[in-house]
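Step one of this worksheet: look at the structure below.
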Amino acid sequence: MTRKDVREAQQGLFGLAVPRIKLFDEADEKSEETQELKEITSTIASFREARRGFVFTLPDGAVWEQTDNTYLGGMREGATVIIKRGALGSYFATVGSGRAARVKRLR
């Protein structure tokens, strides 16, 4: 696998609960390419309103659901979204320059 392949795989799995599999030797574990991502930046491909806020889809097909009542201003197709890893397996999404809202990945 190339470094680009590793990074793309990490981005595609970001937010999913997958078992940790050691695919690289210990020397590779410390390299930047094999460390876990802390955040991703993407765009909103589509969205819809849900019980607590929004469900939105990224261009790679990843579907995220808002799990709190924080207002995600600027929600529109093509808007930039940053999803950051929080503590204890939580995730936060920020659309544009708005406030961060708690989200979880559905698929």
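The values are calculated or read from the model by the stated rules, or taken from the named source; none is laboratory data. Worth saying up front: this structure is predicted, and the values here are computed from it rather than measured. With ideal geometry, Cβ positions are generated from the backbone for all residues, glycine too; neighbour counts draw on all protein chains shown. Protein only, heavy atoms only, side chains kept; ligands, DNA and RNA dropped before computing areas. Shrake-Rupley method; radii C 1.70, N 1.55, O 1.52, S 1.80 Å.
What to note about this one:
- The residues of region 81-103 that are over 12 Å from Phe14 (Cβ atoms) and open to solvent by 30 Å² or more (accessible area, probe 1.4 Å), listed by number, are Ala87, Leu88, Gly89, Phe92, Thr94, Gly96, Ser97, Gly98, Arg99, Ala100, Arg102.
- Residue within region 73-80 that is hydrophobic (A, V, I, L, M, F, W, C), touching a strand residue (DSSP E or B) at 6+ places or on another chain (Cβ under 7 Å), surrounded by 13 or more Cβ atoms within 10 Å (Cβ to Cβ) and modelled with pLDDT of 90 or more present: yes
- Leu37 falls short on exactly one of the conditions (1) under 14 Å from the mean Cα position of the chain (by Cα); (2) surrounded by fewer than 13 Cβ atoms within 10 Å (Cβ to Cβ), and that condition is (2).
- Conditions (1) in a loop (DSSP other than H, G, I, E, B); (2) open to solvent by less than 50 Å² (accessible area, probe 1.4 Å): number failed by Phe56: (1)
- Residues of region 62-72 classified as open to solvent by less than 40 Å² (accessible area, probe 1.4 Å) and either in a loop (DSSP other than H, G, I, E, B) or of a type in the set (Val, Ile, Thr) (or both), total: 6
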